[in-house]
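The values are calculated or read from the model by the stated rules, or taken from the named source; none is laboratory data. Treat the numbers as computed from the prediction; the structure is a model and nothing was measured. When we count neighbours, we look across all protein chains shown, and the Cβ atoms used for this are built from the backbone with ideal geometry, even at glycine. Areas reflect the complete protein model, heavy atoms only, side chains present, ligands, DNA and RNA absent. Shrake-Rupley method; radii C 1.70, N 1.55, O 1.52, S 1.80 Å.
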Number of protein chains: 2
Amino acid sequence: MQNFEYCNKTKIIFGKDTENTVGSETVQYAKRILLHHSGGSPVKSGLIARVKESLKKAGVEWVELDGVQPNPLLSLVLKGIDIVKKEKLNFILAVGGGSAIDSAKAIAMGAVNDGDVWDYFERKLTAEKALPVGAIVTIPAAGSESSVSCVVTNEQGPWKRSIKHECLRPVFAILNPELTYTLPPYQTACGISDMMSHIMERYFTKEPHVELTDELCEGAMRTIIRNAGKIFSGGEKDYDARAEIMWAGALAHNNLLSTGRIGDWASHALDHELTALFGIAHGAGLAIIFPAWMRYNIKEDTPRLARFAEKVWGVDGAYYDNEQAALEGIGRMENFFRSIGMPVKFADANLDAARIPELAKRAFHFGPLGTYRILYEKDIEAIYRIAAE
Amino acid sequence: MQNFEYCNKTKIIFGKDTENTVGSETVQYAKRILLHHSGGSPVKSGLIARVKESLKKAGVEWVELDGVQPNPLLSLVLKGIDIVKKEKLNFILAVGGGSAIDSAKAIAMGAVNDGDVWDYFERKLTAEKALPVGAIVTIPAAGSESSVSCVVTNEQGPWKRSIKHECLRPVFAILNPELTYTLPPYQTACGISDMMSHIMERYFTKEPHVELTDELCEGAMRTIIRNAGKIFSGGEKDYDARAEIMWAGALAHNNLLSTGRIGDWASHALDHELTALFGIAHGAGLAIIFPAWMRYNIKEDTPRLARFAEKVWGVDGAYYDNEQAALEGIGRMENFFRSIGMPVKFADANLDAARIPELAKRAFHFGPLGTYRILYEKDIEAIYRIAAE
């Protein structure tokens, strides 16, 4: 087990009607805020109206900036930074999924650090501070509500880049599973794929002796798989299934599950290029990349893949043939993703395999990827090719 | 699943040599502190000398108060409060196990709240603030290093009382598994029993649909059981086994494992009377109480006890006979406790069964206990009697 530091300061407020506490939580930080969301379903559902009512009651004033899109865009971030500076706002409240929260984080960072905000994403500058961010989550997926991560797309490229810093961890996160009842099935599925991937990135490590976190990862993955099954068999409004998924999505990415170990994160980088070039949803891209990444790595640490197959997917037989068990586990994972409507191959999402060399080149932009197995451009290309088979 | 709030602000600094960061962590809060410990093994081992070196380097001055005993005493707490006030100290650094940390928490609370500090434990007064506390953990057990709990014994009674408040959560906790290599086996075992109990208090709930936390609880218990086995079969200096136990001990009591559910805590109350009247170690008392509590509750929610038997103790056969599986699980738990040198019956620890009515009366002091099953004085007495069979 590696040495580690762990601290998660995000106050989680979980359960029914919790969005009505947003005013009293926010006013502890600021009286003038930026209210940031897509302008779509949170408005239509009446959520934004309830949020405003709660803010008003608490004496919090807001300037509204909507228009957040999936894979949030730098141009909107820049607009947000301008508004925050001009209006002297000192808190960003995001209402939505990972895109709204990440967009809010980028605004919060850009508003109090000099220079071009994109330079922080390009690793030319580093930021140590940001305005406080609060989140009301409507799409359990990215785990951004209690994570240090922030991913933004610069449409000039397009380049999709991520940064991580403790100052980007939201101060509070409000999670009401009822808000997820009306999510389109595709978005629910993308979220499930995303949170599974966050755990798998941490689970596949070569660090020996990380038993507790292995157990926590496996338990969280089993919980997601079981409850996804409930939601996708008529349980769209099953509160408890939605609640398990929502809480698992937050825990999947708050770094508890990485304590004592180092994550891989190559698959996320490979997926980022799929979303940047083809506009495919993050979760859908991950469902395509992960099985291919595992197949490419089947000899890398076969016992771990066999354990994954047994503990997470219920595969027997690892006692006799680890590789066979590992392959069976990957197959069950693909079946699971298909069962919730996720693609697992390029063809399922109509991605153009002819662009694989370009994808590989872009993914290699910052050099080799991963820690479980270091991937060079030829490895990356090979993984894309398996996904395109 | 119940609504919940969850936030854990304790900064965990985990791993080899981490005690050497204590100066740089402490100076972020204060320049004049109370250094609080037992005066025994942390001094002999050289740990206190290393701590002082680190504090000195960081420019932190200290006043030292040693003498902490297991089941920390009110008299020392009062002495600490006097010193802190007189010397105008504004941080308490505890070095030791749960006793040192709890004693530090009580001092931290008493130093900045008016009135008799014992009145807070008697629930006559409530405190909302305390000085910041930091901890260097030498005995993984109580989980006090990242919990809101504090237990102190008033030797006038003796009465053992606990309080819980967010202001009592340490600001940092330094956990170096190497510091636990030289623990006497009995203390290691008491700690293991204590952390298992913290999880079991949370695990036995009637709240339905708490799958994720069930999984996390079960995974943590399995990890503790496996690694206890390693330590007690020649692995006293097995870093990774000690590390799994130490990290599990902190997670067991930081409230993550209670999210969405309500804990029981009756067994802790029953144990408190054993330690108050007989001076038995907390962990040893819990190893006696828990099997008896489960046997008394065998009909209360047999499927949950059967699940516990299967998931935690590897018992098969719950498909046919839940009660038989549950009993087998309790038996395996008793065997486990015995295997690490814990008592599981009154006789194993030479406790006087004639005092059971007095124990029951004392345990009922604040009224009925528990939430899983509400226990009245006759129930409490019956559980003690099972433990004395």
So which trypsin sites (Lys or Arg not before Pro) in region B:29-117 are both in a DSSP loop and have at most 10 other Cβ atoms within 10 Å of their Cβ? B:K88
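Place the peptides A:217-229, B:376-388 in order of packing, highest mean first, counting for every residue the other Cβ atoms within 10 Å and averaging per peptide. It would help to have the intermediate numbers written out before the result.
On the way: A:217-229: 22.4, B:376-388: 19.2.
Per-residue Cβ counts within 10 Å, averaged per peptide and sorted highest first, yield A:217-229, B:376-388.
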Buried solvent-accessible surface, both chains (B, A), 1.4 Å probe, Å² to nearest 100: 3600 Å²
Each label sits 7 Å from Cα toward the beta-carbon; between A:K57 and B:E87 the label points are separated, in nm, by 4.8 nm
Pairs of Cα atoms farther than 13 Å apart, region B:1-70, %: 71 percent
So what is log10(I(q)/I(0)) for chain B at q = 0.06 1/Å, when the Debye sum runs over its Cα atoms only? -0.22
Nm distances between copies for A:R50, ranked from closest, using label points 7 Å along Cα→Cβ: 5.2
Among A:T205, B:V112, B:M221, which residue has its Cα positioned farthest towards the positive end of the charge dipole of the protein assembly as shown, with +1 placed on the Cβ of Lys and Arg, -1 on the Cβ of Asp and Glu, and the dipole taken about the Cα centre? B:V112
With no solvent term and unit scatterers on the alpha-carbon positions of region A:289-371, Debye gives log₁₀ I(q)/I(0) at q = 0.12, 0.18 Å⁻¹ of -0.45, -0.86
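Could you check what % of the DSSP bridge pairs in region A:121-193 are antiparallel, to the nearest 5?
Rounded to the nearest five, the antiparallel share is 60 percent.
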When ligands, DNA and RNA are left out and all protein chains stay put, how many square angstrom of accessible area per residue does region A:1-118 have with a 1.4 Å probe? 42 Å²
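Can you give the Rg to Rh ratio for region B:274-319, taking only C-alpha atoms and Rh from Kirkwood?
Rg divided by Rh gives 1.13.
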Between helix B:98-110 and chain B: long-axis angle, C-alpha atoms, 0 to 90°, nearest 10: 60 degrees
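State to the nearest 20 debye the size of the charge dipole of region B:121-250 about its Cα centre, where the only charges are +1 on K and R beta carbons and -1 on D and E beta carbons.
In debye, rounded to 20, region B:121-250 gives about 400.
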In whole Å, what are the Cα extents of the protein assembly as shown along the three principal axes, biggest one first? 82, 62, 49
Aspartates and glutamates within cross-link reach of A:K299: Cα-Cα under 15 Å, excluding same-chain residues under 8 positions apart? A:D321, A:E323, A:E328, A:D379
B:Q69-B:R32 pseudo-label distance in nm [points 7 Å out on the Cα-to-Cβ vector]: 3.1 nm
Sparse-neighbour loop sites [chymotrypsin sites (Phe, Trp or Tyr not before Pro); region B:260-362; at most 11 other C-beta within 10 Å; DSSP]: B:Y319, B:Y320
So which of A:K160/A:K345; A:K44/B:K9; A:K88/B:K11 end up more than 28 Å apart by C-alpha? A:K44/B:K9; A:K88/B:K11
Column: log10 I(q)/I(0), Debye, Cα scatterers of region A:175-322, q = 0.20, 0.21 Å⁻¹: -1.32, -1.39
Using only atoms on other chains, find how many Cβ atoms lie within 10 Å of each Cβ of peptide A:255-267 and report the average. 1
Gap separating the Cα centres of region A:1-71 and region A:205-271, nearest whole Å: 24 Å
Convex hull projection area averaged over all views, region A:242-324, Cα basis, nm²: 7.0 nm²
As an exercise, take the mean of 1/r over every pair of distinct alpha carbons in region A:24-127, invert it, and state the Kirkwood radius in angstroms. 13.9 Å
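Of all beta bridges DSSP finds with both residues in the protein assembly as shown, what is the antiparallel percent, to the nearest 5?
30 percent
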Measuring from centroid to centroid over Cα atoms, what is the spacing of region B:98-157 and region A:279-316 in Å? 47 Å
